[in-house]
Amino acid sequence: MSFFKKIFSKEKKETLDKGLEKSKDSFFSKLSKAVAGKSKVDDDVLDNLEEVLVSSDVGVNTTLKIIDRIEERVSRDKYLGTDELNQILREEIAGLLSETNLGDETDFTIPKNKKPYVLMVVGVNGVGKTTTIGKLASQFKKKGLKVVLGAADTFRAAAIDQLQVWADRVDVPIVRQEMGSDPASVAFDTLQSGVNQDADVIIIDTAGRLHNKVNLMNELSKIKRVMQKVVGDAPHDVLLVLDGSTGQNAFEQAKQFTKATEVTSLAVTKLDGTAKGGVVIGISDQFQIPVRYIGVGEGIDDLQVFNKYEFVDSFFK
Ligand SMILES: Nc1nc2c(ncn2[C@@H]2O[C@H](COP(=O)(O)OP(=O)(O)O)[C@@H](O)[C@H]2O)c(=O)[nH]1
Ligand SMILES: [Mg+2]
């Protein structure tokens, strides 16, 4: 299929293959059980396949769409062997995801006409926000962009210190205040400092306590409002970070957060070390918001720009 022909960097591909290992192993062992003793894709096989997809965290709605597509194919072709199922799945899932224009990026970029480009990172505690910010800062810096970080997760001292560690590691400036200070005030300071330093990218860390949707909504809109006093159209991107290893929970969080605030892109982290990587397929199908980044490890280079073709290719290889 033509869309698999695009050549991606070998290094990126290897990291992705490795990051998806557990998800793949689990998926294919379930798949081989599902087709055991069957040579032809029939109703039984389709039923089993449905179970395999749902239990691999692809999500019910997306699973049903995939099964529909395969059923259509079964009725078109006279005979579909179970030995072809892997290839068929790969094609149909890629086909399904290609119905949107999302997930086509291949590289870390920011729009050239926004300076500074303000990226606000949201998500519940522990999903990997700060880590993702550190990794992003490193990628942007490698591109020659000037990055400034803002420690607006002021809820825990450790959260501020953790961002500081990343700032030191990547060697980019950070704006911070003491623990407990007003996140909006930190965001304001960061944008001012970023503008003064002629920054290209400003990344704001936030605390995502989902204890109460209204509080969260108020806090995030206050941060936005205050930032707009410095940069009129900030934030340019609100990146929601989701922990892929929580599977269906990540789906739920995406639903909750998109209700609480306007989210413009998604990052799904911790795909390494989990068998729930299928969740990315469901999330990219179900949300009209692009999955922009995926986290495939704790290392500084273990963040990738999500590309649906690359992902499906790695998953079904
Ligand atoms: N294995 C793995 N661990 C990750 C990834 N992203 C973040 N983490 C780990 O998840 C934990 C929580 O991350 P942190 O950035 O502090 O989350 P935050 O509370 O949302 O800021 C840390 O131990 C990170 O090292 C990833 O892609 N893979
Ligand atoms: Mg944090």
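Things to note:
- For residue 141, the lysines whose Cα falls under 20 Å of its own Cα, not counting residues fewer than eight places away in the same chain, are 12, 112, 114, 115, 129.
- The simple Förster model, with R0 at 35 Å and r as the Cβ-Cβ distance, assigns residue 229 and residue 179 a FRET efficiency of 0.90.
- Between residue 156 and residue 99, the modelled labels are 4.0 nm apart [label points 7 Å from Cα along Cα→Cβ].
- The lysines within cross-link reach of residue 33, meaning a Cα-to-Cα straight distance under 29 Å and a gap of 8 or more places when in the same chain, are 13, 18, 22, 24, 65, 78, 270, 276, 308, 317.
- In the chain, the alpha-carbon atoms span a convex hull of 125 Å³ per residue.
- The distance between label points at residue 301 and residue 28 comes to 2.5 nm (points 7 Å beyond Cα on the Cα→Cβ vector).
- Alpha carbon Rg of region 1-153, scaled by the compact-globule rule 2.2 N^0.38 Å: 1.36
- Selection of trypsin sites (Lys or Arg not before Pro), region 126-200, meeting DSSP coil and at most 16 other Cβ within 10 Å: 143, 156
- Estimated FRET transfer efficiency when R0 is 25 angstrom, pair residue 317-residue 107 (beta carbons, to 0.05): 0.70
- DSSP bridge pairs, the chain: antiparallel proportion in percent, nearest 5: 15
- Over the residues of the chain, the helix contribution to mean residue ellipticity at 222 nm works out to -15000 deg cm²/dmol, using -39500 (n - 2.57) for each DSSP H run of at least 4.
- Tensor-based shape of region 263-306 (alpha-carbon gyration tensor, a/c under 1.5 rounded, otherwise prolate or oblate): oblate
- Charge tally around residue 128: other residues with Cβ under 11 Å, Lys/Arg +1 each, Asp/Glu -1 each, net 0.
Any read-out appearing in this document is the output of simple, stated calculations on the displayed coordinates, not a laboratory observation. Note that the structure is a prediction, hence the values are computed from the model and not measured. Positions of Cβ are generated from backbone atoms using ideal geometry, with glycine treated the same way; all protein chains shown enter the neighbour counts.
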